[in-house]
Amino acid sequence: MRPTSATGRRLGRNGFSLVEVMVALAIFALSAAALVQLERVSVRSAAAVETALLGRIVATNLLAEALTDVPAPAFGQSRGIIAMGGRLWRWQRAVVPLGEPRLLRIEVAVSAPTTPKMRSVTVRGVRLS
């Protein structure tokens, strides 16, 4: 039989020991730190996807301009910087003739100068000169 106190209550293990509480807090702290790290990586990935998507939109817009401009763009390379979507974008356009004399191949590459880790986005099209 277990010992009882003066009030008649049983004496024994009521609650957790300090060691058990410290171990539980350490496990919670480790899992919370892992979740914070996961959130940080997730936010960084979302920003990279957003930049790549905006870059593709900018490249597509520049290609659409080159495909519809009158007169057709001149042969060779051209480059510049354009502001779209609240950001600056570095673009490069190459216009080369195809086998048919009136056909032009237009390639537009776009990159974000403020995001050095971003690979350039390239779109291509063909038009009549």
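We did not get these values from a lab; they are worked out from the coordinates using the rules stated. Predicted model only: the values in this text are computed from it and were never measured. Cβ coordinates were reconstructed from backbone atoms using ideal geometry, including for glycine residues, and neighbour counts include every protein chain displayed.
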Legend entry - Spatial separation of Cα centroids for segment 48-80 and segment 105-124, in angstrom: 9 Å
Inset, instruction - Starting from 0 in steps of 5 Å, tell me what percent of the Cα-Cα pairs of segment 18-128 lands in each bin. - result: 2, 11, 16, 15, 11, 9, 7, 5, 4, 5, 4, 3, 3, 2, 1, 1, 0
Legend entry - Selection from Val49, Pro97, Pro113, by position along the positive dipole direction of segment 18-128 (Cβ): Pro97
Inset, instruction - Along Cα→Cβ, 7 Å out, is where each label goes; now give me the distance between the ones at Lys117 and Ser42 in nm to one decimal. - result: 1.8 nm
Inset, instruction - Excluding Glu107 itself, calculate the net charge of residues whose Cβ lies under 11 Å from the Cβ of Glu107, where each Lys or Arg counts +1 and each Asp or Glu counts -1. - result: +3
Legend entry - Expected 222 nm ellipticity per residue - DSSP helices of 4 or more, -39500 (n - 2.57), all of the chain, to 500: -15000 deg cm²/dmol
Inset, instruction - Could you size up the charge dipole of the chain around its Cα centre, putting +1 on the beta carbon of Lys and Arg and -1 on that of Asp and Glu, and report it in debye to the nearest 20? - result: 480 debye
